[in-house]
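What follows is a set of notes on a single structure, which appears directly below.
The values are calculated or read from the model by the stated rules, or taken from the named source; none is laboratory data. Quick caveat, the model's predicted, so the values are computed rather than measured. When we count neighbours, we look across all protein chains shown, and the Cβ atoms used for this are built from the backbone with ideal geometry, even at glycine.
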Amino acid sequence: MNWNVLGTTAALLVASNIFMTFAWYAHLKDLSARPWWIAALVSWGVALFEYLLQVPANRIGFTALTLPQLKILQEVITLVVFVPFAVLYMNQPLKWDYLWAALCIMGAVYFIFR
C-alpha cells in the first residue's frame, strides 16, 4: 500500500466531499424559499469545485488502489463528512443509526482492502 497516494487521495476526497455535500443538501436550508431551478444552478456551481478535486483524487488513487477500493474509500469519507454536516449545519439530531451505518461501511472496508 502506497501511503502517500492513499493520504493524498483521501485528503482530496474529503475536500471534494465537503463541496459535494453542500451542493446536494445546503440548498434545503439556505434556498428553500427560492425556485428549484435557482437552487439547481447554485448547486451546480458548487459542484464544479467538487469535480475539480474529485477527478484528480481518483486519478491519483487509481495508481495504487483498485476501483472498488476507491469507491469504498469514497463512501467512508462521504459518511465522515455528512454526519457533522447534518448535525452541525442542518441541525439534524445525532442518531445511533449513524454509528450502525458506519459499522456496516467498516465491514465493507475490511472486505475490499483485505
In this structure, does Ala40 turn out to be of a type in the set (Gly, Ala, Ser) and modelled with pLDDT under 95? no
Of the candidates Tyr25, Tyr51, the one satisfying the condition of being over 22 Å from Gln92 (Cβ atoms) and among the hydroxyl-bearing types (Ser, Thr, Tyr) is Tyr51
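Tell me whether the stretch 7-15 contains one or more residues that are among the polar types (S, T, N, Q), out of contact with any Phe, Trp or Tyr (no Cβ under 6 Å at 6 or more places or on another chain), free of Cβ contacts under 8 Å to residues at least 60 places away in the same chain and not in a helix (DSSP H, G or I). Before you say what the answer is, go through the steps one by one.
In the first step, residues of the stretch 7-15 are kept if they are among the polar types (S, T, N, Q); the result is 8-9.
Then drop every residue that is not out of contact with any Phe, Trp or Tyr (no Cβ under 6 Å at 6 or more places or on another chain), which leaves 8-9.
With free of Cβ contacts under 8 Å to residues at least 60 places away in the same chain added as a condition, the list becomes 8.
Of the ones still in play, those that are also not in a helix (DSSP H, G or I) are none.
Within the stretch 7-15, none of the residues are among the polar types (S, T, N, Q), out of contact with any Phe, Trp or Tyr (no Cβ under 6 Å at 6 or more places or on another chain), free of Cβ contacts under 8 Å to residues at least 60 places away in the same chain and not in a helix (DSSP H, G or I).
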